[in-house]
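Here the structure comes first, spelled out in structure tokens, and everything after it is commentary.
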Amino acid sequence: MAFKLTYSDGQETDYDDDTAWEVDDGVLKMGRRDGEWTVLVSPSHWAVLEVGGQHKKDEGDGDGNTPDEADESKAKDDVTADGKADDVKAKEKADDESKEED
């Protein structure tokens, strides 16, 4: 799955569908195949991982959509260096606020 990596210094790099990746305890692991990691990025060196929304220009998403339509219809998730997606953080914050009210 294609993704964009924003490093802690603000530099952004786009990776295509050919790059496998995994976040393990904040360490971003990347390589050409799952489990065969060739690049490890420390949690202090990366800030945000934006997943989805990127397709190669010559591909559709398999349901007849053009690449542009596929890009618009695909959801985008942000994962931060602590390994939590924005929606997970929002839910945790709401849960914390509701506990404080009790």
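Nothing in this text is a laboratory measurement; each read-out follows from the coordinates by a stated rule. Small disclaimer: the values here were computed from a predicted structure and weren't measured. Backbone-built Cβ (ideal geometry, glycine too); neighbour counts: all protein chains shown.
The table for this structure:
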quantity: Sum of side-chain charges, Thr13 neighbourhood, beta-carbon under 13 Å (Lys, Arg +1; Asp, Glu -1); calculated: -4
quantity: Packing-based ranking, highest mean first, of 36-43, 9-16, 25-32 given that Cβ atoms within 10 Å are counted; calculated: 25-32, 36-43, 9-16
